[in-house]
Amino acid sequence: VLVDEEWPIGSLRQGNVEPCLIGAESQGGRIKAKFYGQIDHAALWDRALTDKEIAALSGGAERVAAREKEILGEPSPHMQYWRPRGHNASLGDCMPFYHDGRFHLFYLFDRRHHGSKWGLGAHQWAHASTTNLVHWKHHPMAIPITEQWEGSICTGSAFFHDDKYYGFYATRKTDRTQHLGLAVSTDGVRFQKTEPNPFASPAEGYDPLHYRDPKVFQDESTGLFHMLVTARLADDRGGCLAQLVSKDLKTWKVVEPFLIPGRVTDCPDYFEWNGWYYLMAEYVYWTSRNPLGPWTQPTPDRLDVLYVPKTAAFADNRRIYASWLPDGGWGGNLVFRELVQHDDGMLGTKFPPEMIPETGDPVDVRIEPLTEGVSVRGNAIGISAPDGFRAAILAGVPDDFRITLRAHPKPSASYFGLCVRGGGRYQQGCELRFEPFQERIQFGTPKDGGVGDETGRAISHVKGLGGPFTVDLVVKDDVVDACICLLYTSPSPRDQ
């Protein structure tokens, strides 16, 4: 069973005179330690064995599958909050893609939180797909590492044209420079890298350490293909989205940058939806009524606390985006959202209904005051805190749960919230905090009855926190996920 892996880098050491021993160790050409026991068989190959050959030598596919369950546990049939099985394994940047009724999720398979291959990442494009967001099929690696100089197969985008699937990606070389590559497929599953590989490198005037995340789209009015690339200009303009154009998806020409926000913005995404054009990068987005801009950055310009979300169409004119939730470093668990579009082009998000984790029957919980200033009437909790901290406890809540509630803040409420996985007198756990006057929502850590720093998990410019709103909260394993439904008011007088 493949539990972990690492990739070679650099040249073989020369002048090694130590013998090749199986079941023993040598030092200075002499046997230092022996293996006492039995070895079933031993063999050496002068090439890498395929997965099928390894499985055949390990008892066959059924035996390997049984051992995988014993060692790695049962595979999860659900993809919300999913992560790859295996030691040191997590999921990184996502590249969703929709074609011919099938939703494809290409993602970066990660080990050691970007630490493999001496910090180069050693990422590869992994692949799963579905037609209904419920039942998923996991496919072989779409674009794997096949050359020693490939330090990492980095983020990119999938594109379909003339009966071919195109996988545009970036490669981080062992000198940490970044270059653009292409793999093609006729079935959307088996991809073949093309030559020359890479087909494009940073042009003059661009930082060679920032040239990645290619996103390809076609301007239907001209037929021209555009490629957006995360880049940094060598002059004082800083980070930008570099732009290459092509007539045939093969020969590309560098033109003026598509956008210069002044900072490096990872993983650009571009799409059209109901007459609006959207550009997303890192965690913010821009809107336009024209395919090539000009672009307007709305307020708020952040949809979520998730990093580098990318989107794809789905059935019935829906739009789904996928991202990852960090877990101790780069990479973590998969998170899906469904986009909500308002009449003025502004975007929101919600849980995709098909992907909300299954729950059992409702459970009875006890509402217990933790401090004074708390009143309880049925399932309603009233908290009055004119001069200090006040709180109540929900006792009898299972480890994993989904809870929905409606908040009715008073006009004078400065901040309020709820905490899960708590302990003591509100001294630990994960807090979801609302600040109406600051128009801000954050995840944080309680500290001595207060709240810790935002830890990068906050959204600002959120209007409507002073009025009634609903919260849908899912707690599963070590993931806390919240969907907050507010009354949205457009710039026009009409409420949306």
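Throughout, read-outs are computed from the coordinates displayed, never taken from laboratory work. Note that the structure is a prediction, hence the values are computed from the model and not measured. Using ideal geometry, Cβ is built from the backbone for each residue, glycine included, and neighbour counts are taken over all protein chains shown.
Observations, loosely collected:
- Dipole magnitude (debye, nearest 20) for segment 1-143, charges at Cβ of Lys, Arg, Asp, Glu: 200
- Three-way shape call for segment 210-320 based on the alpha-carbon gyration tensor, with the a/c threshold at 1.5: oblate
- Pairs beyond 31 Å (Cα-Cα), from 69/476; 69/193; 137/247; 69/117; 117/215; 69/447: 69/193; 137/247; 69/447
- Globularity ratio of segment 1-97, using Cα Rg and 2.2 N^0.38 Å: 1.52
- Histogram of C-alpha separations across the chain, 10 Å bin width, %: 3, 16, 25, 23, 17, 10, 4, 1, 0
- With contacts taken as Cα pairs under 8 Å at a separation of at least 6 residues, segment 350-462 carries a relative contact order of 15 percent.
- Residues in segment 409-416 carry Karplus couplings, in order, of x, 6, x, 8, 5, 8, 7, 6 Hz; the curve used is 6.51 cos²θ - 1.76 cosθ + 1.60 with θ = phi - 60°, and Gly or Pro positions show x.
- Helical content of the chain, expressed as a calculated mean residue ellipticity at 222 nm, amounts to -1000 deg cm²/dmol (DSSP H runs of 4 or more residues, -39,500 (n - 2.57) each, divided by residue number, nearest 500).
- Rg over Rh for segment 128-207 works out to 1.03, using Cα positions for both radii and the Kirkwood form for Rh.
- Gyration tensor analysis over the Cα atoms of segment 322-449 returns equivalent ellipsoid semi-axes of 28, 20, 17 Å (largest first, whole Å).
- Amide hydrogen neighbours beyond the local backbone of residue 95, cut-off 5 Å, H modeled: 106, 107
- Relative to the longest principal axis of the Cα atoms of the chain, helix 61-72 runs at roughly 50 degrees.
- Taken along its principal axes, the alpha carbon cloud of segment 84-193 reaches lengths of 40, 31, 17 Å, longest axis first.
- Charge-dipole axis of segment 184-284 as Lys and Arg at +1 and Asp and Glu at -1 on Cβ define it, positive-most pick from 225, 198, 252: 198
- Note, ³J(HN,Hα) from phi for segment 91-103, Karplus 6.51, -1.76, 1.60, rounded to Hz, x at Gly and Pro: 10, x, 3, 9, 9, x, 7, 10, 7, 6, x, 10, 9
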